[in-house]
Amino acid sequence: MLNAVAKPLVKLVERYLPDPYIFVLLLSLLVFVAAILFEQQSPLAVAQQWGDGFWGLLSFSMQMLLVLVTGFMLASTPLVSSLLDRLALLAKTAGQAIVLVTLVSLAASWLNWGFGLVVGALFAKALARRIQVDYPLLIASAYSGFVIWHGGLSGSVPLTIATSGHFSEAQIGIIPTSDTIFSSFNLLLVAALCLVVPLLNYLMRPKVEDAVYIDPAKLTPETLPDLTTERPADKLENSFVITALIVMAAVAYLLQYFAKAGGLNLNIVNFLFLFLAILLHGTPRRLLHSLQQAIQGGAGIVIQFPFYAGIMAVMMQSGLAQSLSQWFVSFATAESLAFWTFISAGLVNIFIPSGGSQWAVQAPVMIPAALELGAEVNRIAMAVAWGDAWTNLIQPFWALPVLAIAGLKAKDIMGYCLLQLLVTGGIICLVLSFA
């Protein structure tokens, strides 16, 4: 039904969207010019800000690379691969596959954003191995579930303001998650998106003659070469004893961690994925064989994330992000502040694709505005959160792990994601403004 709308968008994006590396270079140049023109920064000052911030995401870059690698290694184990294939049996048609992968991605992303990115892409590949379905739309559907993450259990903004000692505590105090993640308006928004996003993906299915299929053989991991045990070193590489001992150490750590009420975060998700992969592969050699296949898709993360760190530094240090937020606030009222906060957060997210960093930039502008106008601070905070999540639909930064797992390029899925952006944006605006 919506193919007539989606098709020209897909063609437009395929023709004009450059590789994500070119995209981040163009964003860098745009930020340079904007900082010079609108913030009266000298070219040398902007270059200094950019260079100083260039390596600011090294830790996060490694985390994201591990999201890709550990997720791939876990999925390539015989047990997990078999489980994904069995779950894929629930879908009998291409339309059912689209809906099922979207629902799985939405649920996983609500639980934890890193978990959602990996699970959706891996499940999409399992579906594509057994059902003839338009592969770009299938992967776009897996990625579209990510739009819900900041309204879920790992949302950085609501978790930050619910934590004692956060930087805005003197102004707004501690805002519990019952007023943000579990508030009536946020739960309504999550429920609405869980209905609309799968339906929209289903309605965007192309005609059979326009569909892009993939050979299932290309989605099957390479088999491990014949094992040899000629050398003592070979026996170590093929030993389950070493695996068992190191997994026991990991289990001991996790038991202590969760006994202290530790929650899921990106490091714990990666830790779980890694040691489950180590255990389920059985031997170091099988794990390393899987690693060699997994690491091939990580090049985009390695080269692009430093550029985004530089962009974030210029946006924050030059005052560009604050000025942009203040401009939107300048004509807002108590009733419309949530709407304009959401729109400004979506725009800022293109340049600062990090929920925590974005809140640090926008909170000093949005919180005083909410207090002065008498708007609900918890709603304004969630407007920032949802704006951050919303434009991730067209931000290649977050799509890189999914694209690497799927073996696609950004231009292959962003046409579908663009239509999702337009529809979900309208729903989020309505709920934030009137619910």
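Only one entry of L287, L274 meets the criterion of being buried (at least 17 other Cβ atoms within 10 Å of the Cβ) and in contact with a Leu (Cβ under 8 Å, 6 or more places away or on another chain), and that entry is L274. Of all residues in the stretch 255-266, at least one satisfies being assigned to a helix (DSSP H, G or I) and within 22 Å of the chain's Cα centre (by Cα).
If only one of A404, A360 is within 22 Å of L25 (Cα to Cα), touching a residue at least 60 places away in the same chain (Cβ under 8 Å) and under 22 Å from the mean Cα position of the chain (by Cα), which one is it? Answer to the selection: A404. Looking for something among the aromatic types (F, W, Y), under 24 Å from the mean Cα position of the chain (by Cα) and surrounded by fewer than 18 Cβ atoms within 10 Å (Cβ to Cβ) - is there at least one such residue anywhere in the stretch 236-247? No, the conditions are met nowhere in the stretch 236-247.
Tallying residues that are more than 20 Å from A75 (Cβ to Cβ) and of a type in the set (A, V, I, L, M, F, W, C) within the stretch 114-148 yields 3.
Yes/no matrix, rows are residues, columns are (1) open to solvent by 20 Å² or more (accessible area, probe 1.4 Å); (2) touching an Asp or Glu at 6+ places or on another chain (Cβ under 7 Å); (3) on the phi > 0 side of the Ramachandran plot; (4) not polar (S, T, N, Q):
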site: I295; (1), (2), (3), (4): yes, no, no, yes
site: Y308; (1), (2), (3), (4): no, no, no, yes
site: I350; (1), (2), (3), (4): yes, no, no, yes
site: G355; (1), (2), (3), (4): no, yes, no, yes
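Say we look at the stretch 145-168 and pick out the residues that are among the small types (G, A, S) and in contact with a Ser or Thr (Cβ under 6 Å, 6 or more places away or on another chain); which of these is least open to solvent (accessible area, probe 1.4 Å)? Among those that are among the small types (G, A, S) and in contact with a Ser or Thr (Cβ under 6 Å, 6 or more places away or on another chain), it is G145. Filtering the stretch 22-45 to residues that are more than 13 Å from M312 (Cβ to Cβ) and surrounded by 15 or more Cβ atoms within 10 Å (Cβ to Cβ) leaves F23, F32, A34, I36, E39, Q41, A45.
Identify, from the list L103, L87, L57, L65, the residue that is modelled with pLDDT under 85 and either open to solvent by 20 Å² or more (accessible area, probe 1.4 Å) or of a type in the set (D, E) (or both). Every option except L57 fails the conditions.
Among the residues that make up the stretch 383-406, is at least one of them more than 30 Å from Y21 (Cβ to Cβ), modelled with pLDDT of 95 or more and surrounded by fewer than 21 Cβ atoms within 10 Å (Cβ to Cβ)?
no
At least 3 residues being within 20 Å of L9 (Cβ to Cβ) and over 16 Å from the mean Cα position of the chain (by Cα) is the threshold, and among the helices (runs of 4 or more DSSP H) wholly inside the stretch 119-200 those reaching it are 135-144.
The values are calculated or read from the model by the stated rules, or taken from the named source; none is laboratory data. What you see is a predicted model; the values in this text were computed from it and never measured. Glycine gets a Cβ as well: all are built from the backbone with ideal geometry, and neighbour counts include every protein chain shown. The accessibility values were calculated without ligands, DNA or RNA, using every heavy atom of the protein model including side chains. Shrake-Rupley method; radii C 1.70, N 1.55, O 1.52, S 1.80 Å.
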